[in-house]
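In what follows, a structure is listed as structure tokens, so that the remarks can point back to it.
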Amino acid sequence: MPQITAIKETKKGRLALFLDGEFAFSLDEETFAAADLHMEDELDAWQLEELRRKSDTRKAIDRALDILALRDHAAGELYQKLCRKFDPHSAAAAVAKAEELGLLNDESYARRRAAELLRKRKSRREIAADLNAKGIDRDTAAAVLDELFAAPEDGEGDSPELAAAVALIEKSYARKLAEGKRPQVMAALARRGFPHGVIREAVDRFAGEADAGES
């Protein structure tokens, strides 16, 4: 059986295990203490595998906390990022720990993310695709989008998606409309996920306002 021949503290405060003179892996202090390891201990294969698993899980948790310190993430998005470096078990354990600490809330994240994208003049379809890519489940995304794109309660004013389409035309397509390139503008808006009815109303309104401004 492999024998522990050296235990060295790393620059990151972990404890590196050397087995039969070769570096094996490092452990956080808590895992090391719980394992009650000592010099010259001999370890079975199953013990080594268990220690490696715990080591990877601790690293995944630390990485998850680092990621969340930079910005909010959906649980699925965080899991996908962690899986780039860790095995699925360690990644899932890290996500579960973040949830336990109250650092993940998919509904709140989806609501903030969707509102931010709407301010950037994204269509409902574009926002739905973004939430899906972030790992938000379909039911949560649908509920958030229904809330965000609800028509005004008083029945007055534009729907959020129409307002976004009009603002997008003003920002990016006003010149093309002025040049008579209505089909190209409508096609561009369709590629960005806006429904045909919204596109037609937005283009008609913008053209009408432009005509009124010239008269």
To the nearest 10 square angstrom, how much accessible area does Thr57 have with a 1.4 angstrom probe?
-> 20
Whole-percent carbon and sulfur contribution to the accessible surface of the range 16-161 (1.4 Å, no ligands, DNA or RNA) stands at 47
Provide the per residue accessible area, probe 1.4 Å, for the chain, rounded to a whole number of square angstrom.
-> 60
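The values are calculated or read from the model by the stated rules, or taken from the named source; none is laboratory data. Just so it is clear, the structure is predicted and the values come from calculations on it, not from any experiment. When the accessible area is computed, the model is the full protein with side chains, heavy atoms only, and any ligands, DNA or RNA have been set aside. Shrake-Rupley method; radii C 1.70, N 1.55, O 1.52, S 1.80 Å.
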